[in-house]
Amino acid sequence: MSTQVDAALNLIAGTLRGWRGAASFAPARQSPEQPLKLYDIEACPYCRLVREVLSELDLDVMILPCPKGGSRYRDEATALAGRAQFPLLVDDNTGAVLLESADIIAYLGKTYGRGARRSSPVRRGFDVSTAQLASALQWRPGGLRGMTAEPAAVPDQPLILFSFEASPYSKPVRARLCELQLPYLLRNTAKGTWTDMGPPLFRDRLFKAPQGTTRNRRWLAEHTGQVQVPYLIDPNTGAAMYESQAILDYLNQTYAR
Ligand SMILES: N[C@@H](CCC(=O)N[C@@H](CS)C(=O)NCC(=O)O)C(=O)O
């Protein structure tokens, strides 16, 4: 399926979720010293809810993909939590090991944000059902993208991905990283102000320059001269690139077996 059709479906998914995970207007008070670890399935609606909050808090997180049929991180997660359930958050800064997306979201708010966030049952029901619809939009001929493991080589070091949860072009890249069970440091790159909105080409013409309004946007502006996601760095090969299709081709050529 073409990149544009994929992006259009992901745009609908983002709209269903009210563009949660697109902007970080209330970032974390502090960044954790050691990266948070999330045992995650990209297509899982509950994992999506957690990733949205991580984007909004502008927190980086080590993603350890646990697609169905995979064992690279699934076995480790199952041993840690006592059962195979995702999302599973591990915070080595505090010793927290948490299951249940609602508990993880409350923990992130309490520990790094501006207080624990517990949704009302109605709000939670709405969030879960819209996240389920958003995940259903990941269906493509052959199954749900980002749900099931495929054979792949094991990298020595985790990859690095700049992305934010609602980004329509980043989603297929995160789905492929999940299927290939490639661990990656997710550097959340949510928008920090209204001048960040809109497609990069149009926005940069209108507002003149890429704006480094959040930590990782600043990093991209300084190191690459533009701010766009997804942006992949692979420390194993020295590769670094923009453009979701180029990243997908790279992952397939380098890691898929
Ligand atoms: N109430 C849990 C539900 C989590 C859940 O059902 N996760 C599914 C994936 S969407 C799961 O762990 N399935 C087991 C598996 O994938 O093996 C939460 O909110 O975190």
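The values are calculated or read from the model by the stated rules, or taken from the named source; none is laboratory data. Just so it is clear, the model here is predicted, and its values are computed rather than measured. Using ideal geometry, Cβ is built from the backbone for each residue, glycine included, and neighbour counts are taken over all protein chains shown.
Key figures for this structure:
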{"read-out": "Inter-residue pairs, beta-carbon under 9 Å, first under 13 Å from L133 (Cα atoms) and in segment 7-21, second of a type in the set (D, E) and outside any helix (DSSP H, G or I), 6+ apart", "value": "G14/E165; R17/E165"}
{"read-out": "Candidate set from segment 148-176 (those that are within 14 Å of the chain's Cα centre (by Cα) and in a loop (DSSP other than H, G, I, E, B)); member that is surrounded by the fewest Cβ atoms within 10 Å (Cβ to Cβ)", "value": "P168"}
{"read-out": "Filter result (among the polar types (S, T, N, Q) and either under 15 Å from V53 (Cα atoms) or surrounded by 13 or more Cβ atoms within 10 Å (Cβ to Cβ) (or both)) within segment 110-145", "value": "T111, S119, T130, Q132, S135, Q138"}
{"read-out": "Residues that are under 10 Å from the mean Cα position of the chain (by Cα) and away from the ligand (no atom under 15 Å from the Cβ), drawn from segment 43-61", "value": "S55, D60, V61"}
{"read-out": "Meets criteria (in a loop (DSSP other than H, G, I, E, B), modelled with pLDDT under 95 and over 19 Å from the mean Cα position of the chain (by Cα)) for R118", "value": "yes"}
{"read-out": "Scope segment 135-144; condition more than 14 Å from the chain's Cα centre (by Cα) and either in a helix (DSSP H, G or I) or within 22 Å of Q228 (Cβ to Cβ) (or both); matching residues", "value": "A136"}
{"read-out": "Filter result (surrounded by 24 or more Cβ atoms within 10 Å (Cβ to Cβ) and among the small types (G, A, S)) within segment 30-76", "value": "A43, S55"}
{"read-out": "Restricting segment 1-28 to residues that are out of contact with any Asp or Glu (no Cβ under 9 Å at 6 or more places or on another chain) and either of a type in the set (G, A, S) or not in a helix (DSSP H, G or I) (or both), the residue that is surrounded by the fewest Cβ atoms within 10 Å (Cβ to Cβ)", "value": "S2"}
{"read-out": "Residue identified as within 14 Å of the ligand (Cβ to nearest atom) and without any contact (Cβ under 8 Å) to a residue 40 or more places away in the chain among D75, D40", "value": "D75"}
{"read-out": "Residue list for segment 87-109, filter: surrounded by 13 or more Cβ atoms within 10 Å (Cβ to Cβ), out of contact with any helix residue (DSSP H, G or I) (no Cβ under 9 Å at 6 or more places or on another chain) and not aromatic (F, W, Y)", "value": "D92, D103, A106"}
{"read-out": "Qualifying residue in segment 172-184 (condition: of a type in the set (A, V, I, L, M, F, W, C), out of contact with any helix residue (DSSP H, G or I) (no Cβ under 7 Å at 6 or more places or on another chain) and farther than 17 Å from N252 by Cβ)", "value": "no"}
